[in-house]
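Derivation of every value follows stated rules applied to the coordinates shown; laboratory data play no part. In this text, all values refer to a predicted model and were calculated from it rather than measured experimentally. Neighbour counts are summed over all protein chains in view; Cβ atoms, including those assigned to glycine, are modelled from backbone coordinates with ideal geometry.
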C-alpha cells in the first residue's frame, strides 16, 4: 500500500495540462458496444476507472488494445455476452453505463447493482423507470439487475425526476436503436452528455438537443465505428485551479474549455481570485486573502458536486464564514471531518456545512474518503504547516492521472511512498 506525503509551504507555480474527462471516457467506452467493429478513442485518461471499464468490455467479449498511453482501440464485433460481473461493477458505479447499450444491441442485459465512491445512495431507479417506458422489463435477483426487451424498444417521452447524468446517458444509448422517436425531458446538460451525443451522431445516430433540458433521439437501424477524441476534464482542471487559488502563485491550466467551469470560475472571482480565461486554458493567481462565499451544488450548469470538496478546502482558509450546501449526494461531507484534523473549523448541519476560515492549516495523517475529497486533502497539505500524509489514495487514482507528478512539476514537495505499519495502524 502507498500513501501520499506532502510537505507544505513550498511555492507552486507553472503550467499543467489536464487529461480527457473520466466521466466522458467511461461512457464513450460503453457506447462502443452499439457499433460493432473497431472504434478508436483518443485523449483517454490513464486511470484505474478506465482500466476497470476496459475489463468490463473484455468480459463482454470485446477486444481492447492500448495503442498508446492515451489511445484505445476497441473492437466490439466480438461481443457475445450481455452479463457484467459483480467483481467489476462493485468497484465502479459507471459500469452500469453498459446497461443501455447492451439492451439496445441484444435486447437484454444482466448488470450487477453498482458500487464506487461511498458518497451517497445514488440508486439507479431513474435508469430503470426511463428504460421501462421504452419497453424494458426488469427483475432484480440476488443483487443482479436482469433487463429484457422482448418486444423491442419503442420510442416515447420520458421525464426525469432529477437531471441525472447516468440516467440521461443510459436512455440516450438505449434509444438510438428504438423504433420511432424518444424525448428525454429534464435531461442532464453536462458537457460529457454533449460529448457522448457527438460521438453517437458521428456513428450515425440522430440526437438533437444534447446540452439542453430536452433531448430528442430518432431511432436508427445500425451504427458504425468511428474515431473520437474525449473532451478535456473540467473537474481535473477545476482541481488544479483550486490548487492555484489556495497557494496563490500563478498557474496556467490547459486542455479544457473554460466555459465548462463557468460557475466555478465566477465563484472563485468572488473570492478575490484572479482568473484569466483563454480558448483552451485559464490562468489562476491570488494576491490577497480568500474572501468567503456561499455555494450550493446543483446539476450543470450549476456548481458541480465534484468541485465541492476542493472549494470547501479553499474556504477553510478564507477570511470569514461561508455556507456550503450539498444538494446532490448526501454523504459528500465525509471529507470535512478529515479536513478538521488539519485544523479547519467546519460544522455540519444536515446538508449544509458552515465553514469558518482559519489562518493556517496543520499537517496531519488523514484518509481519503472518496475521489474528490482525496484530491482536496492533498491540496490542503500544500499550504499546511509541516507534513501531511494521505491514506487510501486508491480513490485519487480512480480519477487523476499522474497527480503527484503534475504537482511536482509545479514545484510541490509531494511523493508517493510505501505505507509503514505505523501509519496504517494509526
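If the viscosity is 0.692 mPa s and the temperature 37 °C, what translational diffusion coefficient in µm²/s does Stokes-Einstein give for region 224-383 when Rh comes from Kirkwood over Cα pairs? Kindly include the intermediate steps, with their values, before the conclusion.
Working: Rh = 15.8 Å.
The diffusion coefficient I find is 208 µm²/s.
Calculate, axis by axis, the spread of Cα positions in region 295-373 along the three principal axes, and write the results as whole Å, longest axis first.
Cα spread of region 295-373 along its principal axes, largest to smallest: 34, 27, 20 Å.
Taking Cα centroids, how far is region 1-79 from region 174-198 in Å?
Region 1-79 and region 174-198 have Cα centres spaced 22 Å from each other.
Ranking 203, 53 by Cβ neighbours within 10 Å, fewest first, what do you get? Numbers along the way, then the final one.
Values: 203 21, 53 26.
If I rank by nearby Cβ atoms, fewest first, I get 203, 53.
What span do the alpha-carbon atoms of region 12-171 cover on each of the three principal axes, reported in whole Å from largest to smallest?
Projected onto its principal axes, the Cα set of region 12-171 covers 54, 36, 31 Å.
May I ask you to sort 199, 92, 113 by Cβ crowding, counting other Cβ atoms within 10 Å and putting the fewest first? Please report the intermediate quantities before stating the final value.
Numbers: 199 27, 92 23, 113 16.
Lowest to highest Cβ neighbour count: 113, 92, 199.
Per residue, what volume in Å³ does the Cα convex hull of region 251-339 take up? Don't skip to the end; give the middle numbers.
Values: hull volume 8.6 nm³, N = 89.
Cα convex hull per residue, to the nearest whole number: 97 Å³.
For region 348-396, compute the orientation-averaged projected area of the C-alpha convex hull (one quarter of its surface), in nm². Intermediate values should be presented prior to the final figure.
Details: hull surface 15.3 nm².
Average projection, Cα convex hull of region 348-396: 3.8 nm².
Which distance in nm do the two modelled labels at residue 67 and residue 133 give, with both placed 7 Å along the Cα-to-Cβ direction?
Label at residue 67, label at residue 133, 3.7 nm between them.
From the helices alone, meaning DSSP H stretches of at least four residues, give me the mean residue ellipticity at 222 nm for the chain, per-run term -39500 (n - 2.57), in deg cm²/dmol to the nearest 500. Walk me through the numbers on the way to the answer.
On the way: 15 runs with 134 residues, N = 426.
Value at 222 nm, helices only, nearest 500: -9000 deg cm²/dmol.
Tilt of helix 48-59 relative to the longest C-alpha principal axis of the chain, in degrees (0 to 90, nearest 10)?
It is inclined by approximately 20 degrees.
What's the ranking of 264-275, 182-193 by average number of surrounding C-beta atoms within 10 Å, highest first? Present the calculation step by step, with values, prior to reporting the outcome.
Numbers: 264-275: 18.3, 182-193: 22.7.
By packing density, highest mean first, the sequence is 182-193, 264-275.
In which sequence would 406, 202 go, from the one with the fewest C-beta neighbours within 10 Å to the one with the most?
Working: 406 20, 202 16.
Taking fewest neighbouring Cβ atoms as first place, the list is 202, 406.
Could you give the Stokes-Einstein D for the chain in µm² per second, using the C-alpha Kirkwood radius, 25 °C, 0.890 mPa s?
Values: Rh = 22.0 Å.
Roughly 111 µm²/s, to the nearest whole number.
Pairwise over distinct Cα atoms, reciprocal of the mean inverse distance: report the Kirkwood radius of region 298-426 in Å, one decimal place. Working shown, then result.
Numbers: mean 1/r = 0.0662 Å⁻¹.
Roughly 15.1 Å, rounded to one decimal.
To the nearest Å, what is the center-to-center distance of region 283-316 and region 337-397, using C-alpha atoms only?
With region 283-316 and region 337-397 each reduced to a Cα centre, they are spaced 15 Å.
May I ask you to give the average projected area over all directions of the convex hull of the Cα atoms of region 134-233, in nm² rounded to one decimal?
Details: hull surface 28.9 nm².
Projected area, direction-averaged: 7.2 nm².
Please identify which residues in region 242-273 have an amide N closer than 20 Å to a label point set 7 Å out from the Cα of residue 279, following the Cα→Cβ vector.
Answer for this model: 252-262.
With bins 5 Å wide starting at 0, give me the P(r) of region 25-96 over every alpha carbon pair, in whole percents.
All Cα pairs considered, the percentages come to 4, 18, 32, 27, 16, 4.
Suppose we keep just the DSSP beta bridges with both residues in the chain; what percent of those would be antiparallel, to 5?
Expressed as a percentage, antiparallel bridges in the chain total about 75.
Any idea how far the Cα center of region 249-264 sits from the one of region 206-222, in Å?
29 Å
Taking a point 7 angstrom from the Cα of residue 77 along the C-beta vector, which residues in region 215-239 have backbone N less than 20 Å away?
The answer is 221-228.
Taking every DSSP beta bridge that has both residues in region 285-426, what percent is antiparallel when rounded to the nearest 5?
About 60 percent, rounded to the nearest 5.
Taking Cα atoms, how many degrees apart are the long axis of helix 22-31 and the longest axis of the chain, rounded to 10 and kept between 0 and 90?
Its long axis makes an angle of about 10 degrees.
What is the angle, in °, between the Cα long axis of helix 234-247 and the longest principal axis of the Cα atoms in the chain? Nearest 10 is fine, range 0 to 90.
0 degrees
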